[in-house]
1. Filter the stretch 111-136 for residues that are open to solvent by less than 70 Å² (accessible area, probe 1.4 Å) and out of contact with any Phe, Trp or Tyr (no Cβ under 9 Å at 6 or more places or on another chain); which is nearest to Thr170 (Cα to Cα)?
2. Which number in (1) open to solvent by 60 Å² or more (accessible area, probe 1.4 Å); (2) over 19 Å from Asp245 (Cα atoms); (3) not in a loop (DSSP other than H, G, I, E, B) marks the one condition that Gly206 misses?
3. Mind telling me which of the residues His88, His125 ends up being within 19 Å of Val246 (Cα to Cα), within 14 Å of the chain's Cα centre (by Cα) and not in a loop (DSSP other than H, G, I, E, B)?
4. Go through the stretch 260-275 and give me each residue that's part of a strand (DSSP E or B) and open to solvent by 10 Å² or more (accessible area, probe 1.4 Å).
5. Quick one: what pairs do we get from the stretch 277-296, first residue without any contact (Cβ under 8 Å) to a residue 40 or more places away in the chain, second polar (S, T, N, Q) and not in a helix (DSSP H, G or I), C-beta under 8 Å, 6+ apart or different chains?
6. For Phe268, all conditions in the list (1) touching a Leu at 6+ places or on another chain (Cβ under 8 Å); (2) at pLDDT below 90; (3) not polar (S, T, N, Q) hold save one; what is the number of the exception?
7. Residue under question is Trp188, and the condition is that it be more than 20 Å from Val236 (Cβ to Cβ), touching a residue at least 40 places away in the same chain (Cβ under 8 Å) and surrounded by 12 or more Cβ atoms within 10 Å (Cβ to Cβ); does it hold?
Amino acid sequence: MVLERLNIAVAQQKPVHKRKRGSRISFPPIANKVILGDCRTVLAEFMPDSIQLVFTSPPYFNAKPEYTEYIDYRSYLAVLREAFEACHNILAEGRFLVVNVSPVLVRRTSRKTASKRLPIPFDLHPLLEDIGFEFIDDIIWRKPEGAGWHIGRGRRFAADRQPLQYKPVTVTEYVLVYRKRTDRLIDWNLRNHPDQDGLARSLILGEYDKTNVWDITPSYRKDHPAIFPDELVRRVIRYYSFQGDVVLDPFAGSGTVGRVAAEMSRNFVLVEKRGDYFETMRRELANSLFVSQVDFDDLQYLWTSE
């Protein structure tokens, strides 16, 4: 029975796009872009192989009641599936998708109900595998010890220490690394990269992370509830892209991925549905010494959660 299910799963996998052996890779040129719109619609306009790295953190599911946008958890996962399918369609063969994600706490609605933690990383994995991504690594982003106390976990146990009440304070998030499924080894991406000089300039020199646990202090801003620390973005871009590559963040928020990508000699495409974040990115990138030109497209695509 197990073997039968395995054979069915393999048969249902999407076919892998293949290039001719030994052919030089080519990427369509893309200028830096910041787009206000729904990434599921916006990215459909891009050509295949337009993007060489996707790094993002999906929007929270019901993290705060006033920000609720999804009918239920199932509809939330359906939106993520469509977004990552759009990313897969334009990501170059054998290149990487990196997703920062963690379980989300849904607070109890009354004293007679229990709070829940939704296992988003574990529900996201089969979704990404089905789309056509291959799991590569799970990196743990570890924050300082006091970083998780604001969510309230651990306080009750600290007071009465009753068994079954134990709930640890969360100080980690996942940085999940996937590669667009292909039958080619990574060496193929290196040998056939169109800019061999950029490849050489991207060599990782000096100190580097030797384990999958990264100690990084979170960042905070008044105009965004959860932003990427520059250091987290810098490490992901350093390890999973080359100078001259195009980095995409389909849920761009305040635009940290684009700003850091420019500082590291990469181009960027940022897509964001909220107008206030779009304006924040416009101001931030205009003040960056590393960004010479950006196309700002206020496309006003509707974001829906059906």
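1. Pro119
2. Result: Gly206 fails condition (3) only.
3. After applying the criteria, what remains is His88.
4. Asn267, Glu272
5. Listed pairs, sorted by first residue: Glu284/Ser254.
6. (2)
7. Yes; evaluated as a whole, the condition is true for this residue.
Every residue, every condition in (1) modelled with pLDDT under 95; (2) closer than 28 Å to Phe122 by Cβ; (3) in a loop (DSSP other than H, G, I, E, B); (4) in contact with a helix residue (DSSP H, G or I) (Cβ under 6 Å, 6 or more places away or on another chain), yes or no:
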position	(1), (2), (3), (4)
Tyr166	yes, yes, yes, yes
Val169	yes, yes, yes, yes
Tyr174	no, yes, no, yes
Arg179	no, yes, no, no
His193	yes, no, yes, yes
Gly198	yes, no, no, no
Lys210	no, yes, yes, no
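The values are calculated or read from the model by the stated rules, or taken from the named source; none is laboratory data. These figures come from a predicted structure and were not determined experimentally. Positions of Cβ are generated from backbone atoms using ideal geometry, with glycine treated the same way; all protein chains shown enter the neighbour counts. Only protein heavy atoms, including side chains, enter the accessible area calculation; ligands, DNA and RNA are left aside. Shrake-Rupley method; radii C 1.70, N 1.55, O 1.52, S 1.80 Å.
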